[in-house]
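The values are calculated or read from the model by the stated rules, or taken from the named source; none is laboratory data. Since this is a predicted model, take the numbers as computed values, not measurements. Here the Cβ positions follow ideal geometry from the backbone for every residue, glycine too, while neighbour counts run over all protein chains shown.
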Amino acid sequence: MPHCVQCATYCPPGMLPSKLVCGSDGRTYQSTCHLREAACRVGKAIPIAYKGRCKKSATCATVSCKGGQKCLVEKSGRPRCVTCNLPCPEPETSGGKRKDTGGPVCGSNDKTYHSWCHMFMDACATGLVIETKASGPCRRHEGDGIGDTDVFNGNWNFVNASNVVLADAV
């Protein structure tokens, strides 16, 4: 999903071991600033996989995530440390008024979620990284049974979208 970012104009030099980060692209960066600088150069987000130098055969068993983080597995098989205890806003209040949840998103697993936060919560529950495939509900693919009628409701149970009031798309 396209979004604006502020690109770093200057990153302090130095390779202090305590500042090294491994990007989700499998490359080691001198610091978070250098990773963001590289992301701006390539015009694509590069999430931090974990702190420290990248390891060729890293797995969730060999990477130690900092407190409050959980190791998820990317599609490539690489580990990524993420914070999983984020509270997601409910799509509706008890009075029936809608809250702004950022709108529905289609995950890389072809499931529609009420919001990015709900997609992220599902990733934490499954242990697999789920990226944003598109803003808005997923489009139904003929014959695969996956599509815009499956909406993640935040409780790891899926409900039919025709019974759910979704927030307006951004």
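Of all residues in segment 108-139, count the ones that are within 12 Å of the chain's Cα centre (by Cα) and either in a helix (DSSP H, G or I) or outside the structural domain of residue 90 (by TED's automatic domain parsing) (or both).
Looking only at that region, the number is 9.
Within segment 59-76, count every residue that is closer than 23 Å to residue 108 by Cα and either buried (at least 16 other Cβ atoms within 10 Å of the Cβ) or modelled with pLDDT of 90 or more (or both). Walk me through it before giving the result.
Start the filter on segment 59-76 by keeping residues that are closer than 23 Å to residue 108 by Cα, which leaves 59-60, 69-76.
Next cut, either buried (at least 16 other Cβ atoms within 10 Å of the Cβ) or modelled with pLDDT of 90 or more (or both) only: 59-60, 69-74.
Looking only at that region, the number is 8.
Need the failing condition index for residue 21 against (1) surrounded by 18 or more Cβ atoms within 10 Å (Cβ to Cβ); (2) in contact (Cβ under 8 Å) with a residue 40 or more places away in the chain, just the number.
Looking at each condition in turn, residue 21 falls short on (2).
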